[in-house]
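Nothing in this text is a laboratory measurement; each read-out follows from the coordinates by a stated rule. These numbers come from a predicted model, not from an experiment. Cβ atoms come from the backbone with ideal geometry, glycine included; neighbour counts cover every protein chain shown.
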Amino acid sequence: MGYIPKLYLETTIFNFYFVEKESKKQQDTLKLFDAIVNEKYQVFTSEYVYNEISKDSLLKYRKMKKLIDKHVRNILTFDRRVLNLAEKYVKNGIIPEKYITDARHIATASVNDLDFVISFNMGHIVKLKTIIGTGFANLHYGYRQIGLCTPAEVIEYDQV
């Protein structure tokens with residue numbers, strides 16, 4: 001078996017798994033989890049995701065936590081390098097300070113040498129400005145560029 005891509009699942013992925021109204025985003029999320037079950041990816045998330053889902057209703061929190069516990073064996077913890085890189089994204093105007101957690105998701109994946117951040121956050125993560133900005137910042141600060149994409153994009157990448 002060849003290289004298995006390393007994916008960081010951001011909070012929105014766990015949210016869309018449980019969207020009540022069936023949508024393309026939910027279908028793509030379910031396909032991603034099917035691929036995860038079939039071990040096509042190494043999957044990671046972080047304590048930042050746990051912090052974000054803890055703000056949801058108790059019922060929704062429990063569902064998402066159960067999903068994470070079932071499918072994600074690699075939970076990344078808080079790290080000074082992550083905080084520093086995320087602050088650099090903000091300082092360089094790549095991500096607004098108000099959305100520092102979005103910067104921390106990307107920095108977590110970057111510092112831990114993952115391949116992709118998978119997200120439906122089109123406002124601050126899967127956005128051309130962020131893709132280009134974090135790519136240049138990562139190279140400048142000694143990390144490699146990583147992919148910022150939706151589940152559909154990574155599944156299509158895997159099928160090439």
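Using Cα atoms only, what is the angle between the long axis of helix 80-91 and the major principal axis of the chain, expressed in degrees (0 to 90) to the nearest 10? With rounding to tens, the tilt is 70 degrees.
Given a Förster distance of 22 angstrom, what is the FRET efficiency for Y3 paired with I75, based on the Cβ-Cβ distance and rounded to 0.05?
Numbers: r = 22 Å, r/R0 = 1.02.
Step by step, r from the Cβ atoms, then E = 0.45.
Of the trypsin sites (Lys or Arg not before Pro) in the stretch 48-116, the ones in a loop by DSSP (not H, G, I, E or B) with at most 15 other beta carbons within 10 Å are K55, R73.
Over all pairs of different C-alpha atoms in the stretch 71-159, the reciprocal of the mean inverse distance, the Kirkwood hydrodynamic radius, equals 13.1 Å. Using bins of 5 Å that start at zero, the share of Cα-Cα pairs per bin across the stretch 13-149 amounts to 2, 10, 19, 22, 21, 14, 9, 2, 0, in whole %.
Cross-link check: pairs K24/K129; K25/K66; K31/K91; K21/K88; K40/K127 evaluated at a Cα-Cα cut-off of 29 Å; pairs beyond the cut-off: K31/K91; K21/K88. Compared with the dominant principal axis of the Cα atoms in the chain, helix 58-71 is inclined by about 80°. For the stretch 1-63, the set of GluC sites (Glu not before Pro) satisfying both a DSSP loop assignment and a count of at most 14 other C-beta atoms within 10 Å is given as E20, E22, E39. Give the angle, between 0 and 90 degrees and rounded to the nearest 10, that separates the Cα long axis of helix 24-37 from the longest principal axis of the Cα atoms of the chain. Helix 24-37 and the main axis of the chain meet at about 90 degrees.
Modelled this way, with points 7 Å down the Cα-to-C-beta line, the labels at E20 and L83 are 3.9 nm from one another. With contributions of -39500 (n - 2.57) from each DSSP H run of at least four residues, the per-residue ellipticity at 222 nm computed over the chain stands at -16500 deg cm²/dmol. Once both labels are positioned 7 Å from their Cα atoms along Cα-to-Cβ, the gap between L58 and D34 label points is 3.6 nm.
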